[in-house]
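Everything on this sheet refers to the single structure shown next.
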Amino acid sequence: MRITVLGSGTSHGIPVVGCDCAVCRSEDPHDKRYRASVFVEGAAGEMLLIDTGPEFRLQAVGARICRLDALFYTHSHADHLHGLDDVRPLTWNGPLSVYGNPATIQDIRERFRYIFEETQPGGGKPKIAPSVVDGPVVVGRMTVTPVPVKHGLLDIYGWKIAENGAVFVVITDANFIPDTSFDLIRGADCLLLGALRVRPHSTHFSFDQAVEVLKRAGAKEAYLTHLCHEHSHEEITAYCGQTGLKVLPAFDGMRVDMPPSTDWD
Ligand SMILES: [Zn+2]
Ligand SMILES: [Zn+2]
Ligand SMILES: [Zn+2]
């Protein structure tokens, strides 16, 4: 399984429009962060996507995504959903299966109403087949399981992707993980976890809270994502270094191979 982080930024991305703070002006390419999205390739050629943020077109072109077998949504906030229309060229050969919880699928049907309505001939629309799921979905040899978490008052999903004994978990936006979900993710080989900043936030884990989650989950390696402009990549790397855990900040374009394999190149 190969994971590509397409976007590692919080809802406004970095640089933030109109901001001239040190991080937004940074020349370190790691400090340029698109909105949160992850591309996952299976060993048998499966191609999965988690979320379509507003930069999905740029991310897909950059990562040379040429096919998708399934699209999984964490939730329907704009920074995770609003690039949906740009999956269009990837659905020319047939509808793309889209999975999410009931609120997310309902929001997709409302915000992208034109996709499901009859419109005049000639206008291109993505072909998608949305499904509400509350249990595992099998795509090729991969099993993708929703991990229910709390994002403030909202019930949203993280996703656990298992293939041939390797387990990758992505939880982008959360400030609480119930015990039953810890049971799902415990001992994961890799955990990509949303952590906004040092200061507390009402709907996202802070760095310290994320570290507590990592300790409890016992993931073998971890990356922080959904990062905001209050800290540079360099500063977050330094923070991670003093946790005693195998954790680093994610960055756009970051790749993780699990288990480490030389078959890819
Ligand atoms: Zn978000
Ligand atoms: Zn800034
Ligand atoms: Zn959100």
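A compact table of results
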read-out: Pairs beyond 30 Å (Cα-Cα), from LYS127/LYS246; LYS150/LYS246; LYS127/LYS160; LYS32/LYS160; value: LYS127/LYS246
read-out: Two-decimal Rg/Rh across region 2-257, once Rg and the Kirkwood Rh are taken from alpha-carbon atoms; value: 0.95
read-out: Additional length obtainable on full extension of the chain from ARG64 to ARG255, 0.36 nm per residue less Cα span; value: 67.4 nm
read-out: Theoretical ellipticity at 222 nm over the chain - DSSP helices of four or more residues, -39500 (n - 2.57) apiece, nearest 500; value: -5000 deg cm²/dmol
read-out: Region 165-264 shape via C-alpha gyration tensor axes, a/c threshold 1.5; value: oblate
read-out: Normalised contact order of the chain, rounded percent, pairs of Cα under 8 Å and 6 or more residues apart; value: 19
read-out: Fraction of antiparallel bridges per DSSP, the chain only, in percent to nearest 5; value: 55
read-out: Point-to-point label distance, GLU234-LEU154, nm (Cα→Cβ direction, 7 Å offset); value: 3.4
read-out: Cβ-derived FRET efficiency at R0 35 Å, ARG113 paired with CYS19, nearest 0.05; value: 0.55
read-out: Rounded to 10°, Cα long-axis angle of helix 207-217 versus longest principal axis of the chain; value: 80
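Each value in this text was obtained by applying a stated rule to the coordinates, not by laboratory testing. Please read all numbers here as calculations on a predicted model, not as lab measurements. Glycine also receives a Cβ, built like all others from the backbone with ideal geometry; neighbour counts cover every protein chain displayed.
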